[in-house]
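The values are calculated or read from the model by the stated rules, or taken from the named source; none is laboratory data. Small disclaimer: the values here were computed from a predicted structure and weren't measured. With ideal geometry, Cβ positions are generated from the backbone for all residues, glycine too; neighbour counts draw on all protein chains shown. Side chains are part of the model used for accessible areas, which takes the heavy atoms of the whole protein and leaves out ligands, DNA and RNA. Shrake-Rupley method; radii C 1.70, N 1.55, O 1.52, S 1.80 Å.
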Amino acid sequence: MTTSSEARAAALLAFMQLSDVGPARGRQLAAKRDPLGAWDAIRCGKPTIDGASRDLERLWMSEAARLDPLAELQRHRAAGVTITVLGDADYPEVLAADRQPPPLLLSKGAWPVAVPCCAIVGTRRCSRYGRDVASSLGRDLAAAGVSVVSGLALGIDGAAHLGALAAGGAPPIGVVACGLDVPYPRRHATLWEQVASAGVLVSEWPLGTAPMRWRFPARNRLIATLATVVVVVESDVGGGSMHTVRQADDRGRTVLAVPGPVTSPASHGTNLLLAEGCGPCRDADDVVVALGLAGGASLPSRGRLRADAAHPEVPRGAHDVLDRLGATRWSLEGLAEATGRSVGDLSVVLVELEGTGAVVCSDGWYEAAR
Amino acid sequence: MLATIESATVHGVHGSVVTVEVHVATGLPGFTIVGQPDAACRESRDRVRAAVMSSGLRWPQQRITVNLAPSGLRKSGGGLDLAMAIGVLVASGQLHPDAVGDRGFIAELGLDGSLRAVPGVLPMAAVVGGRELVVAAGNVLEAEVVDRHQVRSAPGLRAVVDALAGEAPWPRPPEVIPTEARAPALDLADVRGQRVARRALEIAAAGGHHLLMVGPPGGGKTMLAERLPSLLGCLAGEAALRATSVHSAAGLSLPPGGLLRRRPFRAPHHTSSLVSMIGGGTASMRPGEVSLASEGVLFLDELGEFPPAVLDALRQPLEQGVIRVARANHSVELPANFLLVAAMNPCPCGAAPSPMCRCTEANLARYRRRVSGPILDRLDLRILVEPPTRAELLDLPPGECSAAVASRVARARERASSRGVPSNSHLRGQELERLAPFASSARRIVERALDTGRLSGRGLARMRTVALTIDDLADGNGTLSESAVAEALSLRADFDMQHHTRGVA
């Protein structure tokens, strides 16, 4: 990092902490010949950034009084965060080529080099089916040498990364919408660390930035930019994943959708994508083909997802219950009604099925384990 | 002159004898009450004076001191009015002490001298000695439940004095007109479908197992809970007396005949205060909802909305069947031997687990966390209740009626009492292990449930009591079969209240 780039990094680290500053305004500052001078101008309340209102400039003035760019640079370095500024030599090419590149990138871990990337995205409110598919896709893709990019959110995102970590193949990329020291959702704090140590954890925000609503669409754009193929596992029609899909479309990325039951609201969005002509994703092979990776000898064999579905042993007399379960979720009551069995009789079967792992029960709902 | 009259006061659900001593002597005219009267009791002064004067009797223009003994006990309410009035009349020479004898008096006075009913006559009557007890007409039935005294009543103070002096016979108590037509008991036959919930209700009734129902609004949770008392059979003997005492002490209306026969069903709203739930509040320590539900069912709808303090306070009654309410200078033990039925939505908006649910993770976690821990541990039966389908509502014939289920429940309860406990849910430790061994096939299921973490150590013992109840209902021999254990397991749905995970990988 040269001195001029250091100055730019310092100015950006401070500037990105101000209210209502996003990547676009950050790029404006980064483009200045003397970013630190521009920062001083902002601190004095002088008009520096196009499109900022007088009120905003006044607000920035008061906020900037508490920030020292060089101290910010020190703080981030001390925290062990890698700082990359747009225009640096080590700035990822794929991002630099984008029309909305982040002016500043903070990362923990090592960027994968010359590895194809696939984003696995989906709803936080996923079904068990979605979770299982996301995790298998993550696992198989990582094993096939494809980096899994995702947002580390609850649901599909987290499942995909867990799968990828389990495979221990290509390094995963986690893109987050807040400071790297603000694990969000908090429940995924360990997952953050695992992704950072196995691959790379990226943010365009300085440390301490809170996960605000408007930062998530910006994060989605980064995911869409980083990946060559975007797979939507499960999403509602109005879900955030659909935003990622639009961003990916704008950038000419291939979008694949995982088909789901037409009755499942979690699959409404993905089924809609399929109806609109987007390619289906049934397993990792579909992604590998979309990535244009030929061969396939090293890839997990086609049908792997489906192969898991055949459970080795189903206890005698349990087939009708297992058939009933299908792909939906059942309550004990619903199963008793549908199979006509008594509660005691049905319980014996369900306990057996649970024991073999063919059925899982959570919160009182029974589901076939794929 | 001095007069001593017997009366009583109520504390919690227990009566205590109060001796009303009235001293009338020369001095500056005045009327003092000593011996820890509460506000209502201190106001007796004005009521008694007005009642005596408007009954055509003379109020002594002398110094009157009333002592309520024992002095260490707080007296509450207006039930001592009549005893004070009679005491004043005796001490001022208007009534001969022999005419009063050892009678007890429990009634409040109106300014016109009329006798008014007071709450808690049943427990008070149980402690007052003497052959005869004088109460207001509205309390006669209640006082007669304690088959101990000749119960007398009169419309007003004048009539009481006349009867005591032998100048008129005791007036006949007016025929009791039932104050309210009692609604017919709710029957399980009204419930369509809901096999699992029906089964859970039957097991809950038979084994005294507390029940949690989780399901969306409109799923029939309240309807089911309301029908649980009908499975428990009628109240009789000691239990009926205990339940009636609580209702009497709380001043609730009693059924015609005085004694409570129908099992109580209490459904306090989740905004109820801590005191209204567990009792206390006034000097008389009024019994709360947990005591009013004693010998019956306590239904807590929207369990997750109850304040944590209330849920916490339920621990003692669930464990011991009583609740001790203590204040700075006094404490009482109230009965609280109820069957708990709790209901809650799967999430604050009620739509979970479908993706239509719009609750945030934090909200959901907060909602579920309230129910977690100690209270959840005590709910042996946990089921999902789904709304019945249209076909079930329209096409299914009425289900089995309460009476049929109640007879099976009664048989199972008998077996439990032959084990020396009121119900199977009271069985603990080694005794449970001795009484309810696992069959080998059942043992396999239990081992696996323990291995997979489906069952914890504590959960195992609770599940065992439920399995024993299922065995009892099937007239088994006490050895827990595979199906009893499997059923007990599946009726103990694993609602993850601690760290609920909806979409987490």
Leaving out same-chain residues fewer than 8 places away, which lysines sit with a Cα under 28 Å from that of B:Lys221?
none
Cleavage-rule hits, trypsin sites (Lys or Arg not before Pro), the range B:109-200, DSSP coil, Cβ neighbours within 10 Å at most 12:
B:Arg131, B:Arg182
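At most 15 other Cβ atoms within 10 Å and a DSSP loop assignment: could you name the trypsin sites (Lys or Arg not before Pro) in the range B:348-396 that fit?
B:Arg358
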Reported to the nearest 10 Å², B:Thr222 has, with a 1.4 Å probe, an accessible area equal to 50 Å²
Which residues among the range A:50-93 fall inside the zone where the amide N is under 17 Å from a point 7 Å beyond the Cα of A:Ser197, along Cα→Cβ?
A:80-81
Taking the dipole about the Cα centre of the range B:2-164, with the C-beta of Lys and Arg at +1 and of Asp and Glu at -1, give me whichever of B:Ile5, B:Val34, B:Gly129 is farthest to the positive side.
B:Val34
A:Ala97 and B:His330 label points (each 7 Å along its Cα→Cβ direction) are spaced in nm at 8.7 nm
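Suppose we keep just the DSSP beta bridges with both residues in the protein assembly as shown; what percent of those would be antiparallel, to 5?
Close to 45 percent.
What does the net charge come to around B:Arg198 if you take all other residues with beta carbon closer than 11 Å to its beta carbon, with K and R at +1 and D and E at -1?
+1
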Among the residues of the range A:339-354, which ones have their accessible area go down by 20 Å² or more when all the protein chains sit together, as opposed to their chain alone (1.4 Å probe)?
A:Val343, A:Gly344, A:Ser347, A:Val348, A:Val351, A:Glu352, A:Glu354
Residue-averaged 222 nm ellipticity for the protein assembly as shown, from DSSP H runs of 4+ at -39500 (n - 2.57), nearest 500:
-11500 deg cm²/dmol
Counting Lys and Arg as +1 and Asp and Glu as -1, each charge on the Cβ, what is the dipole of the protein assembly as shown about the Cα centre in debye, to the nearest 20?
1000 debye
Which percentage, to the nearest 5, of the DSSP beta bridges contained in the range B:2-164 is antiparallel?
60 percent
Run down the lysines and flag those whose C-alpha is under 30 Å from the C-alpha of A:Lys108, throwing out any fewer than 8 positions away in its chain.
A:Lys32
Can you sort B:His269, A:His76, B:His23 by 1.4 Å-probe accessible area, starting with the largest?
B:His269, B:His23, A:His76
Could you check which residue among A:Pro315, A:Pro101, A:Pro172 shows the biggest mean-square fluctuation in a GNM of chain A with a 10 Å Cα cutoff?
A:Pro315
How much solvent-accessible surface does A:Asp250 expose, in Å² to the nearest 10, with a 1.4 Å probe and all protein chains in place?
100 Å²
Farthest towards the positive end of the dipole of chain A, among A:Thr225, A:Pro259, A:Leu335 and with Cβ unit charges of +1 on Lys and Arg and -1 on Asp and Glu, lies the Cα of A:Thr225
What angle, in degrees between 0 and 90 and rounded to the nearest 10, separates the Cα long axis of helix A:343-356 from the longest principal axis of the Cα atoms of chain A?
60 degrees
Here FRET efficiency (C-beta to C-beta, B:Ala439 to B:Ala39, R₀ 51 Å, nearest 0.05) is 0.20
Between chains A and B, total accessible area buried, probe 1.4 Å, no ligands or nucleic acids, nearest 100 Å², roughly 3200 Å²
If one computes the Cα centroid of the range B:57-114 and of the range B:121-152, what distance in Å separates the two points?
17 Å
Under a 1.4 angstrom probe, counting protein chains only, how are B:Ser456, B:Ser92 ranked by accessible area, largest first?
B:Ser456, B:Ser92
Quick one: if the Förster radius is 25 Å, what FRET efficiency do A:Leu59 and A:Ala79 give, using the C-beta to C-beta distance and rounding to 0.05?
0.40
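Counting only protein heavy atoms and a 1.4 Å probe, tell me what percentage of the protein assembly as shown's accessible area is made up of carbon and sulfur.
Answer for the protein assembly as shown is 52 percent, counting heavy atoms of protein chains only.
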Accessible-area order (highest first, 1.4 angstrom probe) of the listed residues A:Ser203, A:Ser62:
A:Ser62, A:Ser203
Please compute the modelled spin-label separation between B:Arg261 and A:Cys44, points set 7 Å along Cα→Cβ, answer in nm with one decimal.
9.6 nm
If exposed GluC sites (Glu not before Pro) are those in a DSSP loop with at most 12 other Cβ within 10 Å, what is the longest stretch of chain A that has none?
A:1-275
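In debye to the nearest 20, how big a dipole does chain A give about its Cα centre with +1 on each Lys and Arg Cβ and -1 on each Asp and Glu Cβ? If you can, show how the numbers build up before the last one.
Details: 37 positive and 39 negative charges, 173 e Å.
For chain A, the charge dipole is close to 820 debye.
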